[in-house]
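Q: To start, I am sharing the structure in question, which I have written as structure tokens.
Bear in mind that the values in this text are calculations on the coordinates, not laboratory data. What you see is a predicted model; the values in this text were computed from it and never measured. Here the Cβ positions follow ideal geometry from the backbone for every residue, glycine too, while neighbour counts run over all protein chains shown.
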Amino acid sequence: MAMLRAVRGMSDVPPERTPAWRRVERAFQETAARFGYQEIRFPMLERTELFRRSIGDATDIVEKEMYTFEDRNGDSLSLRPEGTAGCARAAEQLGLLHQRRVRLWYQGPMFRHERPQKGRYRQFQQFGAEAFGMSGPDVDAELVQLAAALWERLDVAGALTLVINNVGGAEDRRRYGAALSEYFMSRAGELDEEARERARGNPVRLLDSKDPAVIEVAKDAPKLEDHVGEESRRHYREWKAMLRALGIAFEESPQLVRGLDYYNCGVHEWVTDALGAQNAVCGGGRYDGLTAQLGGRPTPAAGFAVGVERLVLLAEALGKEPPARAADVAVLGGEGAEALAMAARLRRRRPDLRVVADLGGGKLSSRIRRALESGARAAVVLERADDGPAVRIRAVDDASRSVTVAPGEAPEALAAFLGAPDA
Ligand code: HAM
């Protein structure tokens, strides 16, 4: 019988890579907390309607990439393709948005039926930060500052570039969409049926089309920046001034339109050259219209989400991943529960160490090899000398470096043998 395998695009994280994951998870959680963001958790499954109304019916995500099904009641549900919609829904439903400023973070799996490749998966993890109730550009600057602090902490800042753009207010975008639609339809003869369909439904998407005919026509298309109103321009100018004042470098790109409809005004992405085609590690922006679109109170809001796989890949590509060791100390030998009891004593003396009891017996040489493979530096070997039990503490990779002590002295002797705890 063929061995069952994981669903395409949904990966396991093997134990040697989980330390790299934990490192970035801890860095995000602690950095978000230091900025006053609080964790929120919300379901992975929501009504399909939530994503249609927020991300937008005519986006790739909603049109082609959602895992949607009917549950036993006949309700249409979807696995969340991103976190902002669910976060905003939860914050409103929990009553957090009533005349309050809230800073939230979340982390968890998202699902998109995209074509899998390096850095692009069908189940992937995001860290998200969302700030509600603050309408000024200072919160946009704070969000960028938070991401920048995370890159600093993970020592990947040098590999990331911040790209920003102003996508205008909702009304600006509507006018721009109409102008774009009119333009593309005026050149309908040069487009195929699919592109014409787009031109009618969601013409903005034609701007990042890969179809050579569309690219040719798009060259002379109206520009979004010519349709952005004064209020958005001012907000965006002030945001840029704040980023400069904070010493955060950025590039501006009119091509940065983001694939979700809820954005307005300032949007951003952090991109890298180190990962190949899937170069966006983090993306976000303002979405002042979202809560009202979901039927809640109008609430100014902004946020971003980090693709955790991509951040881990980046840290690995830059050689920043921690060693994937299972153990610092291996305890071997002894009878009955002796090894387990000794391991417990050692853990009590040195809570910073991972102490693994080598169970199941076998030759000393193969047990030492196992200890070496586990990453342990020291082996604590329980022996039986002529005058009673003894404990030999030795370097796993060098039998000549060893001390032999009475069992009661082993915890102190091990501590001395290993020196001070790692910082
Ligand atoms: P997004 O740009 O669609 O934005 O996704 C954010 C990040 O998630 C991307 O920059 C990328 O690193 C990662 N990502 C997206 N799709 C995949 C995939 N298929 N495989 C691996 N990683 C992926 C959002 O999701 C918005 N909710 C961000 C936001 C928060 N805007 C405001 N607040």
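Q: Any chance the stretch 68-75 includes a residue that's under 30 Å from Arg8 (Cα atoms) and either touching a residue at least 40 places away in the same chain (Cβ under 8 Å) or of a type in the set (Phe, Trp, Tyr) (or both)?
A: Quick first cut of the stretch 68-75, residues under 30 Å from Arg8 (Cα atoms) only: 68-75.
Imposing the further condition that a residue be either touching a residue at least 40 places away in the same chain (Cβ under 8 Å) or of a type in the set (Phe, Trp, Tyr) (or both) reduces the set to 69.
Yes: the stretch 68-75 contains one or more residues that are under 30 Å from Arg8 (Cα atoms) and either touching a residue at least 40 places away in the same chain (Cβ under 8 Å) or of a type in the set (Phe, Trp, Tyr) (or both).
Q: Which count do you get for residues in the stretch 393-406 that are buried (at least 19 other Cβ atoms within 10 Å of the Cβ) and either out of contact with any helix residue (DSSP H, G or I) (no Cβ under 6 Å at 6 or more places or on another chain) or small (Gly, Ala, Ser) (or both)? Give the steps one after another, and end with the answer.
A: Looking only at the stretch 393-406, we keep the residues that are buried (at least 19 other Cβ atoms within 10 Å of the Cβ), and these are 393-394, 396.
Next, from what is left, pick out any that are either out of contact with any helix residue (DSSP H, G or I) (no Cβ under 6 Å at 6 or more places or on another chain) or small (Gly, Ala, Ser) (or both): 394.
Residues in the stretch 393-406 being buried (at least 19 other Cβ atoms within 10 Å of the Cβ) and either out of contact with any helix residue (DSSP H, G or I) (no Cβ under 6 Å at 6 or more places or on another chain) or small (Gly, Ala, Ser) (or both): 1 in total.
Q: Within 13 Å of the ligand (Cβ to nearest atom), touching a residue at least 24 places away in the same chain (Cβ under 8 Å) and assigned to a helix (DSSP H, G or I), is that true of Asp172? Give the derivation first.
A: Details: within 13 Å of the ligand (Cβ to nearest atom): no; touching a residue at least 24 places away in the same chain (Cβ under 8 Å): yes; assigned to a helix (DSSP H, G or I): yes.
Judged against the criteria, Asp172 is not a match.
Q: Please determine, by comparing only the residues of the stretch 71-103 that are among the acidic types (Asp, Glu) and touching a strand residue (DSSP E or B) at 6+ places or on another chain (Cβ under 6 Å), which one is nearest to the ligand (Cβ to nearest atom). Talk me through it step by step, then tell me what you get.
A: Taking the stretch 71-103 and keeping what is among the acidic types (Asp, Glu), we get 71, 75, 82, 92.
In the following step, the residues that additionally are touching a strand residue (DSSP E or B) at 6+ places or on another chain (Cβ under 6 Å) were identified as 71, 82.
Values: Asp71: 24, Glu82: 3 Å.
Once the filter is applied, the top-ranked residue is Glu82.
Matching residues to (1) within 16 Å of the chain's Cα centre (by Cα); (2) under 24 Å from Glu197 (Cα atoms):
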| site | (1), (2) |
| --- | --- |
| Phe28 | yes, no |
| Arg34 | no, no |
| Arg41 | yes, no |
| Thr48 | no, yes |
| Arg52 | no, yes |
| Gly56 | no, yes |
| Met66 | no, yes |
| Phe69 | no, no |
| Glu82 | yes, no |
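Q: Has the stretch 367-378 got at least one residue that is exposed (fewer than 15 other Cβ atoms within 10 Å of the Cβ), assigned to a loop (DSSP other than H, G, I, E, B) and of a type outside the set (Phe, Trp, Tyr)?
A: No, the stretch 367-378 contains no residue that is exposed (fewer than 15 other Cβ atoms within 10 Å of the Cβ), assigned to a loop (DSSP other than H, G, I, E, B) and of a type outside the set (Phe, Trp, Tyr).
Q: Applying the selection to the stretch 303-328, what residues are near the ligand (Cβ under 7 Å from one of its atoms) and farther than 13 Å from Leu160 by Cβ? I'd like the intermediate steps shown before the answer.
A: First, pick out the residues of the stretch 303-328 that are near the ligand (Cβ under 7 Å from one of its atoms): 303-307, 309-310.
Matches in the stretch 303-328: Gly303, Ala305, Glu309.
Q: For the stretch 285-302, which positions are surrounded by fewer than 24 Cβ atoms within 10 Å (Cβ to Cβ) and either touching a residue at least 60 places away in the same chain (Cβ under 8 Å) or in a loop (DSSP other than H, G, I, E, B) (or both)? Give the steps one after another, and end with the answer.
A: First pass over the stretch 285-302, keeping only residues surrounded by fewer than 24 Cβ atoms within 10 Å (Cβ to Cβ): 288-289, 291-298, 300.
Once the filter is applied, which keeps residues that are surrounded by fewer than 24 Cβ atoms within 10 Å (Cβ to Cβ) and either touching a residue at least 60 places away in the same chain (Cβ under 8 Å) or in a loop (DSSP other than H, G, I, E, B) (or both), the stretch 285-302 yields Asp288, Gly289, Thr291, Gln293, Leu294, Gly295, Gly296, Arg297, Pro298, Pro300.
Q: Here are some conditions: (1) under 17 Å from the mean Cα position of the chain (by Cα); (2) surrounded by 21 or more Cβ atoms within 10 Å (Cβ to Cβ); (3) not charged (D, E, K, R). Ala131 meets all but one. Which one does it not meet?
A: Result: Ala131 passes all but (1).
Q: From the set of residues in the stretch 84-98 that are not hydrophobic (A, V, I, L, M, F, W, C) and not in a helix (DSSP H, G or I), which is farthest from the chain's Cα centre (by Cα)? Steps first, answer last, please.
A: If we filter the stretch 84-98 for residues that are not hydrophobic (A, V, I, L, M, F, W, C), which is where we start, we get 84, 86, 89, 92-93, 95, 98.
From what is left, the residues that are not in a helix (DSSP H, G or I) are 95, 98.
Values: Gly95: 27, His98: 29 Å.
Applying the filter and picking the extreme gives His98.
Q: Restricting attention to the stretch 175-217, report how many residues are within 30 Å of the chain's Cα centre (by Cα) and touching a residue at least 60 places away in the same chain (Cβ under 8 Å).
A: The total comes to 2.
Q: Considering only residues of the stretch 268-300 that are within 8 Å of the ligand (Cβ to nearest atom) and of a type in the set (A, V, I, L, M), which is nearest to Phe127 (Cα to Cα)?
A: In this case the residue turns out to be Val281.
Q: Ok, one more. Would you mention how many residues in the stretch 407-423 are part of a helix (DSSP H, G or I) and either charged (D, E, K, R) or surrounded by 13 or more Cβ atoms within 10 Å (Cβ to Cβ) (or both)? Show your work before the answer.
A: Quick first cut of the stretch 407-423, residues part of a helix (DSSP H, G or I) only: 407-418.
Adding the requirement that they be either charged (D, E, K, R) or surrounded by 13 or more Cβ atoms within 10 Å (Cβ to Cβ) (or both) leaves 407, 409-415, 417-418.
Adding up the residues that qualify gives 10.
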